[in-house]
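Note sheet for the following structure.
Please treat every number below as a calculation from the coordinates, not as lab data. Only a predicted model underlies this, so the values are computations on that prediction, with no experimental measurement involved. Neighbour counts are summed over all protein chains in view; Cβ atoms, including those assigned to glycine, are modelled from backbone coordinates with ideal geometry.
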Amino acid sequence: MVDLADNESVLIANLKQGERQSFDILVNLYQQRGLNIAYNFLGNLEDAKDVLQEAFVKVYLNIKGFESRSKFSTWFYRIVLNCSLDFLRKKKRTARFLESLTDEEEVKERQIPDSKPDPAKAAIDNELASDLNDCISCLPKNQKECFVLKHQNGLSVSEISQVLKCRPSTVKVHLFRAVHNLRKCMSKNLSERKR
Amino acid sequence: MLNCFFMKRKLYEYLDGGLSDKQKAGVKKHLEKCASCSRLLNEMKSIFDLAPKGEIIPSQHFWHNFKIDLDRKLNDALISPLSAKPGVGRQLKPVLAYAIILTLFFTAGGYFYRIFSSKHAALLAEQELVEEVLLLDEVDSAFELNHSEDAYIEELDILYSLNHA
């Protein structure tokens with residue numbers, strides 16, 4: 001059984017030589033994860049697709065600058081995040097995130113599974129999830145990055161610290177502040193849910 | 001009160017499973033007694049539950065089109081010369097700026113040098129002439145020469161013209 005990490009280092013070495021086939025394999029390996037990060041950050045599938053493509057192009061053009069001291073995944077996630085931030089700066093479209101929620105396909109992915117016996121409660125949960133997404137989009141940059149990577153993409157604190165090139169304690173502070181800000185933002189809606 | 005201040009900062013890790021068993025027991029004990037921190041914990045837990053999780057799973061058609069678009073964008077980036085060396089354009093701007101500033105500096109310097117140097121030369125010429133006239137007067141008075149009025153007027157004309165050059 002071939003070690004996945006060894007496979008990846010071989011792919012990266014070949015990619016540094018300009019081998020397109022290795023690039024295609026890396027794209028297949030990381031496209032889903034990259035799309036999740038971009039989508040959770042931007043809230044729009046079309047934008048996430050554009051950002052992900054831009055990130056892969058940057059990977060191809062700058063692979064010679066990648067040193068194997070860090071993992072390829074953390075380097076790639078950093079590129080996806082930076083591309084997402086650049087996209088938001090250029091477009092400044094948090095409103096587009098609200099429009100994207102009307103897209104039928106995306107609404108299917110965002111809905112909380114209706115395993116609860118109370119459909120009314122499930123409907124309220126969906127509405128609150130939508131409100132939470134609005135609040136997440138309003139978080140400061142560092143808090144948003146940490147929250148999205150941790151709670152929507154399942155990265156650990158140490159992985160996030162490698163992606164963001166900061167200490168794990170800094171990540172924890174950002175997460176704590178993010179949740180504090182989200183709580184304040186959601187305080188009205190949460191009290192309605194409890195009724 | 002002070003205990004709540006420290007406990008609140010532990011609640012995130014308590015929910016996230018990042019505390020040791022001893023720390024968890026301490027937080028749990030505090031939560032049993034503190035309604036405020038308990039309420040805060042429930043609100044944080046609600047946010048954790050509501051945060052959208054899971055993968056966004058597009059169709060196969062999406063990934064097929066994604067790959068085609070990506071190949072096209074990559075080919076465009078490789079063909080475009082500037083995209084291969086993004087630093088070249090950036091390096092040229094400060095060099096051009098310095099060149100323009102230096103050119104302006106030397107041009108302005110040369111202009112002001114010419115102005116001041118011609119004025120200075122005129123001043124020197126004027127001083128020399130005045131000294132010469134004074135010398136002539138002394139000579140005149142020493143030798144009691146009949147220095148003609150025309151010569152004086154001529155000298156004054158020269159002095160005047162130099163002064164107003």
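Hey, fewest Cβ within 10 Å first, where do A:Val10, A:Val171 land in order?
Ordered by Cβ neighbours within 10 Å, fewest first: A:Val10, A:Val171.
Set the Förster radius R0 to 41 Å, insert the Cβ-Cβ distance between B:Lys22 and A:Asp86 as r into 1/(1 + (r/R0)^6), and round the FRET efficiency to 0.05.
With R0 = 41 Å, the Cβ-Cβ based efficiency is 0.35.
Across peptide A:22-35, how many C-beta atoms of other chains are within 10 Å of each residue C-beta, on average?
Counting other chains' Cβ atoms within 10 Å and averaging over A:22-35 gives 2.
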